[in-house]
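The values are calculated or read from the model by the stated rules, or taken from the named source; none is laboratory data. Since the model is a prediction, treat every value here as computed from it, not as a measurement. So basically every Cβ, Gly included, is an ideal-geometry build from the backbone, and we count neighbours across all protein chains shown.
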Amino acid sequence: MSEAAKEGSVEKIATYSTRTDKRKRKRASLSSEYEAASAGTDGKPMPVSIPAVSSAVSSAQVAREWLLDNFAECEGCEDSSVPRQQVYASYTSFCVSHNTPPAACRIFGKIVRKLFPHVFIRRLGSRAVSIYHYCGITHRSPSERKRIEMLDLQRERAILAYADSLEGIMQEQKQIHSHSPSHILPPLITDSDIMTEYTLWLHSSHCELIVHSMRVEKLTAILDELEHFWVSGRTNLNCNSFYTLNTLNIPNNPAANALSSTFIRAETRAYQDAVALLHSRLIYPLSAQGLDTFIDFIKCLKLMHRNSNCLDDNMRGSLGYFIHLMTGYIELAKRTGIMNDVFSDSSLTSAMATTWSNSYSLNSLLCGQLCDLQAPTVQCTPSDCNNAFIIAYLYSFSGVLSSLHESPTSCLVAFIDTLLDSLPESLTTPLKCSVVSQTLANLTFDDDAYLQYFTLLKIWFNEYVGMIALRYFDA
């Protein structure tokens, strides 16, 4: 190798070494700068700042909820489509009305395709005027939107109910007693308290469903609800829910006993209201098919009562009380149908009206019943008892009898309701029913020409007034 070549190779090696040293020095300086930047004056690492959440996240969440509330996917139905521009304009208007920043159009389109995987975009219209559409989705019907709003409302009611109870506890804690340290400690809100509020709300909805289903005469819906409540033992609400909640609380706690009583009283009241709706329709006699339907309904109730796994005998008694109320209603409905058939003859009712007018002393009858029930030792007169209106109504009973052939049960129900309302307000409702029942039960004499028909009236009066009185007693 010549001398020139050797000198050239030495220069190349020196140049390469110089470049390598420069790279090492640069790396060392960068490393020292990074360590200085990541350490404070005391040598400890500096805290890492967490970036703020972008507003796009909340906007995307609002967009998802708005789309799910207003649109539904129609898989396999390509004819359903909505204009893309119109959908985004509606979403923007919603955000403006709620002071929420809307998501960008590009992000909104991605959200639509993510929520509805089968949707696709198609250009529809004429050649001159065409608009892009989302195909495969459609607007929700008003009933679906109303159902979603009702579910939101129920959730808000549950939250507000718990918030009210929590506010009451906080108000009590403001009254601090300085001499007792126990009053200074905050209350312990446990999971059982929250579960109790939730169970009470569910049971209230359960009772409302029973009454509403009876109002619209959907007996199958009542049977399904009661089957889940009494027999199947669903997890969220069943006949043993409050029994389980009481075991979670302190034994022999008065609050737990009050909770159980509230639960039984609400269940019983729902059954009373449901049967009261049936009583209000007794002026229209039931058909043979309707009677058979209610008889089958009672048979299903008895089967539930027999197969129920309820651990509380008092709670199980409320279902037996419902069966008792329904059985009385069936007997009264049968009697109502017979009366509508019997009193169709105008000559018969006219003769009964004449017999009633000529053979009864109403003053002694009414005063005797009131004195026996209120104060047997005190002489009771119409002026003392303020019962002049009652006697007037009893005198008009002959007019009621004369119109029985037109609408028997309608006339009798109106007459009894008016008679009950005319009794003094100082009397309790059960006592009023006793007065009316005992008064109207003695409508016959042994020598009456139409004794069998008066007896039919007496039985009907006893059953109708007795069912009214029964609704005012607890099971």
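Please verify whether ILE111 is in contact with a helix residue (DSSP H, G or I) (Cβ under 7 Å, 6 or more places away or on another chain), modelled with pLDDT under 80 and part of a helix (DSSP H, G or I), treating the condition exactly as stated. Break it down stepwise before answering.
Numbers: in contact with a helix residue (DSSP H, G or I) (Cβ under 7 Å, 6 or more places away or on another chain): yes; modelled with pLDDT under 80: no; part of a helix (DSSP H, G or I): yes.
So ILE111 does not fit the description; no.
Mind listing whichever residues of the range 294-320 are hydrophobic (A, V, I, L, M, F, W, C) and over 20 Å from SER261 (Cβ atoms)? Walk me through it before giving the result.
The first filter runs over the range 294-320 and keeps only residues hydrophobic (A, V, I, L, M, F, W, C), leaving 294-295, 297-298, 300-301, 303-304, 310-311, 315, 319.
Scanning the range 294-320 gives PHE294, ILE295, PHE297, ILE298, CYS300, LEU301, LEU303, MET304.
Residue-wise test of (1) of a type in the set (A, V, I, L, M, F, W, C); (2) in a helix (DSSP H, G or I).
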| residue | (1), (2) |
| --- | --- |
| TYR284 | no, no |
| THR293 | no, yes |
| ILE298 | yes, yes |
| LEU301 | yes, yes |
| CYS310 | yes, no |
| GLY320 | no, yes |
| ALA333 | yes, yes |
Hey, THR199 among the hydroxyl-bearing types (Ser, Thr, Tyr) and at pLDDT 75 or above or not: yes
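Go through the range 311-347 and report how many residues are under 24 Å from the mean Cα position of the chain (by Cα) and either modelled with pLDDT of 85 or more or not assigned by TED's automatic domain parsing to the domain that holds SER241 (or both). Break it down into steps so the answer makes sense when it comes.
Of all residues in the range 311-347, those under 24 Å from the mean Cα position of the chain (by Cα) come to 312, 314-323, 325-326.
Filter once more, keeping what is either modelled with pLDDT of 85 or more or not assigned by TED's automatic domain parsing to the domain that holds SER241 (or both): 316-323, 325-326.
Residues that pass the stated criteria total 10.
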Number of positions in the range 126-138 that are part of a loop (DSSP other than H, G, I, E, B) and in contact with a strand residue (DSSP E or B) (Cβ under 9 Å, 6 or more places away or on another chain): 1
Odd one out for ARG123, checked against (1) of a type in the set (Lys, Arg); (2) touching a strand residue (DSSP E or B) at 6+ places or on another chain (Cβ under 6 Å); (3) within 14 Å of ALA60 (Cβ to Cβ): (3)
Residue list for the range 58-116, filter: out of contact with any strand residue (DSSP E or B) (no Cβ under 7 Å at 6 or more places or on another chain), at negative phi and of a type in the set (Gly, Ala, Ser): SER58, SER59, ALA60, ALA63, ALA89, SER90, SER93, SER97, ALA103, ALA104, GLY109
Residues satisfying the stated conditions in the range 99-116, i.e. without any contact (Cβ under 8 Å) to a residue 12 or more places away in the chain and under 38 Å from the mean Cα position of the chain (by Cα): ASN99, ARG113, LYS114
Test: residue in the range 331-347 that is surrounded by fewer than 17 Cβ atoms within 10 Å (Cβ to Cβ), closer than 29 Å to TYR243 by Cα and not aliphatic (A, V, I, L, M): no
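When you look at LEU219, is it touching a residue at least 12 places away in the same chain (Cβ under 8 Å), touching a helix residue (DSSP H, G or I) at 6+ places or on another chain (Cβ under 8 Å) and surrounded by 18 or more Cβ atoms within 10 Å (Cβ to Cβ), yes or no?
Working: touching a residue at least 12 places away in the same chain (Cβ under 8 Å): yes; touching a helix residue (DSSP H, G or I) at 6+ places or on another chain (Cβ under 8 Å): yes; surrounded by 18 or more Cβ atoms within 10 Å (Cβ to Cβ): no.
So LEU219 fails the test.
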